[in-house]
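Take a look at the structure set out below.
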Amino acid sequence: MSAFEYAPAPESRSIVNLQSSYGLFIDGEFVDGDDRRKTISPATEEVLAEVTWAGTADVDRAVKAARRAYTKVWGPMPGAERAKYLFRIARIIAERSRELAVLESLNNGKPIKESRDVDVPLASAHFFYYAGWADKLPYAGFGADPRPLGVAGQVIPWNFPLLMLAWKIAPALAAGNTVVLKPAETTPLTALLFAEICQQADLPPGVVNIVTGAGETGAAIVNHPDVDKVAFTGSTEVGRIIARAVAGTSKKVTLELGGKAANIVFEDAAIDQAVEGIVNGIFFNQGHVCCAGSRLLVQESVADQLLESLKRRMATLRVGDPLDKNTDIGAINSAEQLSRIKTLADVGEGEGADRWSPPCQLPDRGFWFAPTIFTGVSQAHRIAREEIFGPVLSVLTFRTPAEAVEKANNTPYGLSAGIWTEKGSRILAIADQLRAGVVWANTFNKFDPTSPFGGYKESGYGREGGRHGLEAYLAQ
Ligand code: NAD
Ligand code: MN
């Protein structure tokens, strides 16, 4: 079965007002730096703008601005006043949502239906949610007078650029901290638009500073002696470097790292519904999701039936222009990430697993990878153990619930998991045994600002979201 033919339905990009070049956002203003680099659209390789890569001296200026703002303005400000700024930012994000969504899809490659319906609304919701906490910190369960930590240095990845910014900045500001945030090198543009939103909201200068750049800029933030708190989302490899860098200092750290989540389908599950959840679990955002359901564990008795349905469903997925409203799978974020995905997929074949993709035409320019599943995967295969961070699913089978739990937990990670069954009692019993921070039941990849998110083991430590998310930004 093939997909319906749809006429192209591209979202207009005229709403986005790109400048040819961007400086760093320090102390409430855009300032020029020396080192300028191009940022592109991964769907077309077209240059969108130039951005500045901050050096150590730039980072130092940003940290000094954040310290000043913390001591003089933001720290002493009553929570009810801070809340007004956060509510204002939340409203502006909602008002400018189309602009943010188009820009996110341009710079990241994700389908517009996701940036429009998931990333941007959730970013706004995060600011609304934490705005509500700003004047209620004494009731959050962290003592009668919880204090902010000071200056937070925040480094985020490219998979959810604006949303990860919101996860980092909203709780930090609500708790009374000021921030220096670095977006990922391939996706700086929505963070720079957010800087404009801070200006529009009249946020006092220095409360939010955005410095663009790559790993060296991130390291300069992490290692700056006047940073009180480090918050990082990204690879386990860099997470380790950061943990080592702050060991023995008084800096507080939260790390949100990788995952290799099990999505477990029992034989009594509603199969069609599970297929939708599997597709959402691994093909949402091209599989560039730390909590992606990248290991499908399916009970042997229904494996053939489920795989047949899954393949039929995958044949209807539309891969292509991220700005087209009908696109399901957009571009891979960078040439580097594409080559990592290709390498691991080749390793899967080399190790003897069976590779399958639906027939699909990929655009000539840009970075693309067809939705792919591997069957005949064993637990020893690298594609069952390593995070691929792409639209690639490894399928394993099990016979008993105990075997499902054992296989699910057989991973160095522990960020998320999914359970598909019609039995409520089984959901509770299995969830209880899974070593994963988030367990979804009969759904997958559901996010809400009120719900804490974070991992076990090599998936990192600390929680973001909900009341728990405040704890990471308060002294106790
Ligand atoms: P990365 O960890 O290198 O990058 C994440 C962020 O950290 C970026 O902003 C980057 O500039 C910064 N950074 C890099 N080196 C740093 C350092 N030494 N000190 C401080 N900051 C530093 O991730 P990547 O190289 O883009 O991706 C590699 C793999 O990591 C992916 O294939 C995927 O498996 C995983 N990943 C996971 C997540 C997640 O959400 N958990 C996000 C991105 C990547
Ligand atoms: Mn890296």
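Values in this text are rule-based calculations from the coordinates and carry no lab data. It should be emphasised that the depicted structure is a prediction, and the values quoted were computed from it without experimental measurement. Neighbour counts are summed over all protein chains in view; Cβ atoms, including those assigned to glycine, are modelled from backbone coordinates with ideal geometry.
Between the Cα long axis of helix 271-283 and the first principal axis of the chain there is an angle of about 50°, rounded to the nearest 10. Look at Lys182, Lys229 and count the other Cβ atoms within 10 Å of each Cβ; fewest to most, that gives Lys229, Lys182. For the chain, the antiparallel share of DSSP beta bridges with both residues in that region comes to about 30%.
Residues in region 242-282 near a label at Ala429, defined as backbone nitrogen under 14 Å from the 7 Å Cα→Cβ point? The answer is 266-268.
Look at the alpha carbon pairs under 8 Å that are at least 6 residues apart: their mean separation over the length of region 180-329 gives a relative contact order of 16 percent. Axis angle, to the nearest 10 degrees, between helix 97-108 and the longest C-alpha principal axis of the chain: 70 degrees.
Using the Cβ-Cβ distance between Ser20 and Gln361 with R0 = 25 Å, the FRET efficiency computed as 1/(1 + (r/R0)^6) comes to roughly 0.15. Once the C-beta distance of Asp226 and Glu45 is scaled by a Förster radius of 56 Å, the resulting FRET efficiency is 0.90 to the nearest 0.05. Fewest-first ordering of Val392, Val31, Val102 by other beta carbons within 10 Å of each residue's beta carbon gives Val31, Val102, Val392.
Going 7 Å from the Cα of Gln199 toward and past its Cβ, which residues in region 169-185 have a backbone nitrogen under 20 Å from where you end up? Inside the label zone: 179-183. Rounded to the nearest 10 degrees, what's the angle between the helix 236-246 long axis and the longest principal axis of the chain, both from Cα atoms, 0 to 90? Tilt of helix 236-246: around 30 degrees. Summed over qualifying helices (DSSP H, 4 residues or more, each -39500 (n - 2.57)) and divided by its residue number, the chain shows a 222 nm mean residue ellipticity of -11000 deg cm²/dmol.
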